[in-house]
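So the structure is just underneath, and the comments pick up after that.
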Amino acid sequence: MKRTLLVMALALAGLMPIAHADVSDGHALPPGISWQQGDVPAAFARAKAENKPVFLYWGAVWCPPCNQVKSTIFNRPDFIAATRQFVPVYLDGDSDNAQQLGEKFKVRGYPTMILFRPDGAEITRLPGEVDPQRYLRTLQLGLTAVKPVKALLSDALAGKRLATADWQLLADYAWDVDQGQIIPEAEVTATLVRLAQRVPAEPAAVATRLQLKALAALAGEKQAPAFDRGQARGRLLQVLADDGLSRANADIVIYSAGDALKLFGDDAALRQAFDVQLNKLEADPSLSWSDRLGATSALLSLYRQQHPKQPLPAALVADVKARTAEADKASANPYQRQAVITAAGELLADAGLLDESDKLLQGELKTSHAPYYHMLILASNAKERGDKAAALDWYQKAYQAAEGQATRLQWGASYVGGAVELAPQDAARIEAAASAVFADAAKSDSAFYERSRRSLEKVAARLKAWNQDGKHADAVGRLAGQLDGVCGKLPAGDAQKPVCDKLVSTIRS
C-alpha cells in the first residue's frame, strides 16, 4: 500500500512516467505531444503562422541518451504542457533527407535539441542528458529569452551586464553539441574559461555551474589552456564536499571525474572527495538509473586509474553486480531499458564480468526495439575474450539487424572495421561487407551528408589501410568501381557528388 501511494505521488509530481507508447516499431514517442515527424519545413511554416518557437528534437531509435530523454523528459506532464508554447518537430536521423538537414542545422550527436524563434533564428541548444528540473527550467528560459545564446555570449565576452537568467542560459547551454554554431569548436574550452571568470559570484548556483563546465572542458583537453589550478581545485573540492551542489551538478561530477583527476595529477584529497560523492550519487534514487550506473562506472574507472595493474576489489565487483541487477529489475518501460541495459551491459563488461554482460544483453535481444545496439557490445565482449570469430559474427549480425538509412551505414562501417581489424586475411568477407555498405549508400537520399558521410569516410579509410601493401588491389578496385557507380548517378550540381568522388579517390590512393 505504501509503495502504491509513493508511485502515485511521484507520478503526480512528474517525476516518473505516467504513460508509454508501444515502441515495438522503434520510432514511437511517448504519447501526449503533437510531434511533427520529419517535416521540418512544415514545422517552421506552422511556427511562423502561429508565432510560436520551434522545438527540434534530433535523435535515433537506438541511441541510449535519446531513450533516456524519452523516459525522463518527454513523458512528464509538465513537459507535455510546455509543448503548447511551441511547435515540436521530431527529426529521426534515419528519415528522408535527415542527414542533409542535420548538416544544415549543424547537428551531429544524438540527441540534439534546439529551440528556434518563429523566424528560424536559433535561440539555444538544450543538453541531451540532464536533470529534468534543470532541463525544463532551461527550456522555459529559452522560450522567454530576449536574445539568443549567441548574442548573449557576445555580450558576456564584451563585458556587458547580463541578467541572471541570461547567465543561466549560458551555464546550461549544450556546449558539447554546439558543433561550431555559436563559436568555433577549437575555441569552446577557452571561451568557457573566460565565461567562468566573468560570471557574477551570485547567484552561486549559476556561477558554480559555469565554473564546473569550464573545468570539465579543461579536463577533456589534451593540452589545456592556462588557468588558475589552485582556484579551480578549491572550487571543485567545495562542490564535492556539498551534497546539494554535487547533486545539482551530478552530470559533471559523474562524467568528468576521471578527466578531472588526470588534470590535477595524483591528488589524494581530490580522489577521496570524488570517491565519497560518487558513492552517494550511485545510491541517489532521484537520479536516473543511467546516471546512477554512470556513477558506479566512474568509481570503477577511478580505481583502475589509481591501480592499473591490480584486480578489482571484491567489494567493488559486488557493487557492480548489485547495481546492475537492481537497475535491470527497476527498469520497466522500453525507452528506459534501452538506455539502462546498455549502460549495465557495458559496466559489467568494464568490470571484467563478460559472462554476466553477455547474459544480460542476450536476454534483451528479443524484446529490444534496437537489439543491434546490444550486439555491438556483445561483439566487444567477444573481442575482449580473444574470440575473433564470435566477435565478427556479432558485428555481422548487428549490421544485418540494423534498420534505417544512416543506422545501416554506421553499423556497416563497424562491421567493415571489425573485419579489417580481426580478419584482414579474409578478403572475401571484407569485400562483401564493404560492397553491402556501398549498396546501402546507393539506396539513401543523403548518404554523403553528416553522420552517413562520416560512416562512409571510415569505410574508405579502412579499405585504404587494408590495401596499403597492395595485396588487395583487385578487391579494393572493384569496391572503388562500385562506389564510383553510385557517384555517377548523382546530379552534377548535387553537393554530395564531390564528397562521393573524394571517397572513391581515397579508396584508390
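Nothing in this text is a laboratory measurement; each read-out follows from the coordinates by a stated rule. Worth saying up front: this structure is predicted, and the values here are computed from it rather than measured. With ideal geometry, Cβ positions are generated from the backbone for all residues, glycine too; neighbour counts draw on all protein chains shown.
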Checklist entry - Given the Cα-Cα distance of Ala226 and Lys366 and 0.36 nm per residue of separation, how much length would full extension add, in nm? => result 45.3 nm
Checklist outcome for this item: Counting only DSSP beta bridges with both partners in the chain, the antiparallel fraction in percent, to the nearest 5, comes to 55
Checklist outcome for this item: Taking the alpha-carbon centre of each part, the distance from the range 200-221 to the range 27-51 in Å is 34
Checklist entry - What relative contact order, as a whole-number percentage, does the chain give when Cα pairs under 8 Å and 6 or more residues apart are counted? => result 12
Item to check | Modelled label reach - Lys48, point 7 Å along Cα→Cβ, the range 105-146 residues with backbone N closer than 16 Å | outcome: 116-122
Item to check | Protection-proxy order for peptides 237-246, 186-195, 105-114, 489-498, each taking the mean of Cβ atoms within 10 Å per residue, highest first | outcome: 105-114, 186-195, 237-246, 489-498
Item to check | Helix-only mean residue ellipticity at 222 nm for the chain, each DSSP H run of n ≥ 4 adding -39500 (n - 2.57), per residue, nearest 500 | outcome: -19500 deg cm²/dmol
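May I ask you to derive the relative contact order of the range 324-421, considering only C-alpha pairs under 8 Å and at least 6 residues apart, and to give it as an integer percent?
18
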Item to check | Taking the C-alpha atoms of the chain, convex hull volume expressed per residue in Å³ | outcome: 167
Next on the checklist: Under the rule of at least 5 residues apart or a separate chain, name every residue whose amide H is placed under 5 Å from the amide H of Ser446.
Outcome noted: Asn97
Checklist outcome for this item: Pseudo-spin-label distance Glu384 to Gln85, built 7 Å along Cα→Cβ, given in nm, is 4.4
Item to check | 17 Å Cα-Cα reach of Lys502 towards lysines, excluding residues that sit fewer than 8 places from it in its own chain | outcome: Lys458, Lys464, Lys489
Checklist entry - For Val276 and Val146 in one chain, what is 0.36 nm times their gap in residues minus the Cα-Cα distance, to one decimal in nm? => result 42.7 nm
Checklist outcome for this item: Per 10 angstrom bin, beginning at 0 and ending with the bin that holds the maximum distance, the Cα pairs of the range 402-509 fall in percents of 16, 53, 27, 4
Item to check | Members of Lys70/Lys388; Lys104/Lys147; Lys280/Lys321; Lys262/Lys359 lying beyond 26 Å, as alpha-carbon distances in this model show | outcome: Lys70/Lys388; Lys262/Lys359
